[in-house]
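**Q** Pasting a structure here, questions to come.
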Amino acid sequence: MKKIALLTSGGDSPGMNPCIRAIVRKAIWEKLEVVGIRRGFAGLMVGDFVNLKASSVSGIIHQGGTILKTARSPLFKTEEGQIKALENLKRFNIEGLIVIGGDGSLRGAYALNKRGIPTIGIPASIDNDIPGSDFSIGFFTAINTALEAIDKIRDTATSHERLFIIEVMGRTSGFIALWAGLAGGAEDIFIPEKTLNLEEVCQRLEEGRRRGKTSSIIVTAEGDRSGRAFQIGEEIKKRVNYEVRVIVLGHIQRGGSPVALDRIISSRLGVAAVDALIKGERGKMVGICCEGIKIIPLQIIWKERKKINLDLYNLNQILAT
């Protein structure tokens, strides 16, 4: 193998740039040429390629986002789009491809692998919902961003004696809500993986008031079964005499300089992905498992659902009493 390419796809995650840096420098260390594909699979289909040198990734380890840009591409899901992508990879003599991204991006990597291009995936998703890896690139920065917001909102919640409902990202998984809520001392956490009874929540709020608590914080994932934050707020207002405010953190959770752990995880996974290609691995994903590197078939992404640790949820219920 003499020449490889890499791309970032789907939603951006803090840590993508350190991962790009690690891939490029490890590849150069191994005497490989490296090509960056801009704007994900959309750029792959139009040949938006750039040669990457060691200097190309200098000074990016602390930057959020991705220097290669990212985009979503419905066309790539079609046979026509994948054939275009394949033709460009062959035209530029690309012998292996590394894809950094979430569920949809890794499915795209698998599709190209089936068409004959050796691919390795790297999990990058602030939702941390990709099975096969304990943590995904961007997760720790996202929960730290959410935690910083929770801490600041608690100051005003205490001052004004209010209930604040803080909505974080996570359409189908509650990892951000659970970890940020636990770290922020939330009185309750709503996650898709746990059916919540609003009557019980309101009872706990009233019990807290009787003990002298005058303000509370609830953290909810955006995809929680109980409804989005504004709906939850309206339902709680009907049941308890609390002044309720709703805060939606939104895409602020995607941005910012990656924290140390995300930089380390992304660097390790980037190097591991290059090693995997060199060793002949194909259609696989590199992940972190029990602090070690693990190589997993990409099919695990749609065959399994990553389980959340509900012991953390139960712990928060105890500590919030």
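Each value in this text was obtained by applying a stated rule to the coordinates, not by laboratory testing. If you're wondering where the values come from, they're calculated on a predicted model, not measured in any experiment. Methodologically, a virtual Cβ is constructed for each residue, glycine included, from the backbone with ideal geometry; neighbour enumeration extends over all protein chains shown.
**Q** If the requirement is being under 30 Å from LEU196 (Cβ atoms) and small (Gly, Ala, Ser), which of these qualifies: GLY256, GLY283, GLY292? Before the answer, list the steps.
**A** Working: GLY283 fails: under 30 Å from LEU196 (Cβ atoms); GLY292 fails: under 30 Å from LEU196 (Cβ atoms).
After applying the criteria, what remains is GLY256.
**Q** Answer with yes or no whether GLY256 is touching a residue at least 40 places away in the same chain (Cβ under 8 Å), loosely packed, with under 14 Cβ neighbours inside 10 Å and within 30 Å of ALA22 (Cα to Cα).
**A** Spelling it out, it is not the case that GLY256 is touching a residue at least 40 places away in the same chain (Cβ under 8 Å), loosely packed, with under 14 Cβ neighbours inside 10 Å and within 30 Å of ALA22 (Cα to Cα).
**Q** Take ASN128 and decide whether it is more than 16 Å from THR220 (Cβ to Cβ), in contact with a Lys or Arg (Cβ under 9 Å, 6 or more places away or on another chain) and either outside any helix (DSSP H, G or I) or touching a residue at least 40 places away in the same chain (Cβ under 8 Å) (or both).
**A** Details: more than 16 Å from THR220 (Cβ to Cβ): yes; in contact with a Lys or Arg (Cβ under 9 Å, 6 or more places away or on another chain): yes; either outside any helix (DSSP H, G or I) or touching a residue at least 40 places away in the same chain (Cβ under 8 Å) (or both): yes.
Spelling it out, ASN128 is indeed more than 16 Å from THR220 (Cβ to Cβ), in contact with a Lys or Arg (Cβ under 9 Å, 6 or more places away or on another chain) and either outside any helix (DSSP H, G or I) or touching a residue at least 40 places away in the same chain (Cβ under 8 Å) (or both).
**Q** Being surrounded by fewer than 16 Cβ atoms within 10 Å (Cβ to Cβ), in contact (Cβ under 8 Å) with a residue 12 or more places away in the chain, among the aliphatic types (A, V, I, L, M) and out of contact with any Cys (no Cβ under 8 Å at 6 or more places or on another chain) is the requirement here; does LEU277 meet it? Write out each step before concluding.
**A** Numbers: surrounded by fewer than 16 Cβ atoms within 10 Å (Cβ to Cβ): no; in contact (Cβ under 8 Å) with a residue 12 or more places away in the chain: yes; among the aliphatic types (A, V, I, L, M): yes; out of contact with any Cys (no Cβ under 8 Å at 6 or more places or on another chain): yes.
No; evaluated as a whole, the condition is false for this residue.
**Q** Answer yes or no: is there a residue in region 152-167 that is within 30 Å of LEU277 (Cα to Cα) and either in a helix (DSSP H, G or I) or of a type outside the set (Asp, Glu) (or both).
**A** No, the conditions are met nowhere in region 152-167.
**Q** Note down all Cβ pairs under 8 Å where the first residue falls in region 237-250 and is touching a residue at least 40 places away in the same chain (Cβ under 8 Å), the second is assigned to a loop (DSSP other than H, G, I, E, B), and they're at least six residues apart or on different chains.
**A** That search, which allows pairs on different chains as well, returns TYR242/ARG162; GLU243/GLU161; GLU243/ARG162; VAL244/ARG162; ARG245/ARG162; VAL248/GLU222; LEU249/MET169; GLY250/MET169.
**Q** Also: Of ILE117, ILE143, which residue is surrounded by fewer than 23 Cβ atoms within 10 Å (Cβ to Cβ) and either on the phi < 0 side of the Ramachandran plot or assigned to a loop (DSSP other than H, G, I, E, B) (or both)? Even if it seems obvious, please write down each step before you answer.
**A** Working: ILE143 fails: surrounded by fewer than 23 Cβ atoms within 10 Å (Cβ to Cβ).
Sole residue among the options that is surrounded by fewer than 23 Cβ atoms within 10 Å (Cβ to Cβ) and either on the phi < 0 side of the Ramachandran plot or assigned to a loop (DSSP other than H, G, I, E, B) (or both): ILE117.
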